[in-house]
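Enquirer: Okay, here's the structure, questions in a sec.
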Amino acid sequence: MRLGLIGYPLSHTLSPAMHTAALRALGLGGSYVALETPGEALAQRLEELRREYRGVNVTVPYKEAVMSYLDSLSPEARSIGAVNTVVNHAGRLEGHNTDAPGFLKGLEEAGIEYRDAKVLILGAGGAARAIAWALKQAGAQVRLANRTLERAAQLQREFGLGEVTNDEWALSGMARSSDLIVNTTTVGLKDPSATPLRAEWFPEKGTVVDIVYNPLETRLLREARAAGLKTLDGLPMLIWQGALAFELWTGVRPPVEVMYQAARETLGA
């Protein structure tokens, strides 16, 4: 059973470690590898998947682009407009989205309340789509900030979100009035000294989540913790979306704690 991860670049990924650990813990024969795929090679990679792989995860920057290569979509993936998991059914590729339920599972595991919360999401890419959709479905008031306003406005129209902005003054007000702030951008991944939100804009109380998981403590989370806010890094979402994908591929629920341990050991190394 061949499994993998499609994205570019993939030097930061923990997915091979955690999925390999799950396969071994369950005694399942198989492998999970990082399939670093430049944009011009995406179509070829999907044909390779169709011939040789049981399934793959999909990460930045292909969660939306990959959809046009698939034969079918789950109802959730179609509603969200992004795919992070592909299952190969005898040569037919089906797209799923486990980011949405995986994100909520991570919040619940950490005891973070999100129903009826006033939420600010930073970013408007594939992960933002999944998280905005999941939180909106759960009854949260979801607002969005993104450098490209039209991209944020598109999500606003599709999902019935609240205010969207690309203006710093508006963003500062939205942040200060939020119960939950979620960074879905790659700021902090590419430059650990960078942050998508000024510390002086934090609310007086609430929670800040950064879905970046390498490093676990981004500048955003470090400054939020210093301001007295509750914080959550990106590892829980990574683990839970991976566990749900693993179950789609194998029909077996993986040992989540084994996946956590493998991911943490890899980060420590």
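The values are calculated or read from the model by the stated rules, or taken from the named source; none is laboratory data. Predicted, not measured: the structure shown is a model, and the values here were computed from it. Don't worry about glycine lacking a Cβ; one is built from the backbone with ideal geometry, like all the others, and counts go over all protein chains shown. Ligands, DNA and RNA are stripped out before the accessible areas are found, and what is left, the full protein with its side chains, is counted by its heavy atoms. Shrake-Rupley method; radii C 1.70, N 1.55, O 1.52, S 1.80 Å.
Enquirer: Determine the shape class of the chain: with a ≥ b ≥ c the square roots of the Cα gyration tensor eigenvalues, call it rounded for a/c under 1.5, and otherwise prolate if a/b is greater than b/c, oblate otherwise.
Expert: Values: a/c = 1.86, a/b = 1.47, b/c = 1.26.
Prolate is the answer for the chain, as a/c is 1.5 or above and a/b outweighs b/c.
Enquirer: Rounded to the nearest 0.05, what FRET efficiency is calculated for residue 138 and residue 266 with R0 set to 45 Å and r the Cβ-Cβ distance? Show your work: numbers first, answer last.
Expert: Numbers: r = 31 Å, r/R0 = 0.69.
The computed FRET efficiency comes out at 0.90.
Enquirer: Continuing with this model, one more query. Sum up the charges of everything whose Cβ sits under 14 Å from the Cβ of residue 92, counting Lys and Arg as +1 and Asp and Glu as -1, but leave residue 92 out. Intermediate values should be presented prior to the final figure.
Expert: Values: positive: 50, 51, 54; negative: 47, 71, 94.
For residues surrounding residue 92, the net value is 0.
Enquirer: Next question, about the same structure. Say each of residue 41 and residue 227 gets a label point 7 Å from the Cα, pointing the same way as Cα to Cβ; how far apart are those two points in nm?
Expert: 4.1
Enquirer: Report, in whole Å, the centroid distance computed from the Cα atoms of region 229-247 and region 80-158.
Expert: Taking the Cα centre of each part, region 229-247 and region 80-158 sit 13 Å apart.
Enquirer: Filter the DSSP H helices in the chain by two things, a Kyte-Doolittle mean of at least 1.0 and an axial alpha-carbon span of 20 angstrom or more, and list the hits by number. Numbers along the way, then the final one.
Expert: Details: long enough: 235-250 (22 Å, 1.03).
Long hydrophobic helices here: 235-250.
Enquirer: Could you work out how far apart the two model spin labels at residue 191 and residue 26 are, taking each label as a point 7 Å from the Cα in the direction of the beta carbon, and quote it in nm?
Expert: Here the answer is 4.1 nm between the modelled labels.
Enquirer: Right, next: Once you have the Cα-Cα distance between residue 71 and residue 52, take 0.36 nm times their residue separation minus that, and quote the gain in nm to one decimal.
Expert: Numbers: separation 19, 0.36 × 19 = 6.84 nm, distance 1.63 nm.
Computed gain between residue 71 and residue 52 is 5.2 nm.
Enquirer: Say R0 is 25 Å: what FRET efficiency, to the nearest 0.05, do residue 33 and residue 177 get from their beta-carbon distance? Present the calculation step by step, with values, prior to reporting the outcome.
Expert: On the way: r = 44 Å, r/R0 = 1.77.
Once the sixth-power term is evaluated, E becomes 0.05.
Enquirer: Here is a further query. Counting DSSP beta bridges in the chain, what percent are antiparallel, to the nearest 5?
Expert: Values: 8 of 38 bridges.
Antiparallel: roughly 20 percent of the beta bridges in the chain.
Enquirer: Write down the percent of antiparallel bridges among all DSSP beta bridges whose residues are both part of region 1-128, to the nearest 5. Mind dumping the intermediate values first?
Expert: Details: 8 of 20 bridges.
Bridges in region 1-128 that DSSP calls antiparallel: roughly 40 percent.
Enquirer: Using a 1.4 Å probe on the protein chains only, how many percent of the accessible area of the chain belongs to carbon and sulfur?
Expert: Details: 5710 of 11710 Å².
Answer for the chain: carbon and sulfur cover 49 percent of the accessible area.
Enquirer: Here is a follow-up. Mind giving me the nanometre distance, one decimal, between the label points for residue 170 and residue 147, set 7 Å out from Cα along Cα→Cβ?
Expert: 1.8
Enquirer: Within region 117-133, find all residues whose amide N lies under 20 Å from a label point positioned 7 Å from the Cα of residue 108 along Cα-to-beta-carbon.
Expert: Residues passing the 20 Å test: 117-119, 130-133.
Enquirer: Further question on the same structure: Between residue 64 and residue 89, how high is the FRET efficiency from 1/(1 + (r/R0)^6) when r is the Cβ-Cβ distance and R₀ = 22 Å? Nearest 0.05.
Expert: Numbers: r = 22 Å, r/R0 = 0.99.
That pair, residue 64 with residue 89, gives E of 0.50.
Enquirer: Right, something else. Can you pull the accessible area of residue 69 for me, 1.4 Å probe, Å² to the nearest 10?
Expert: 80
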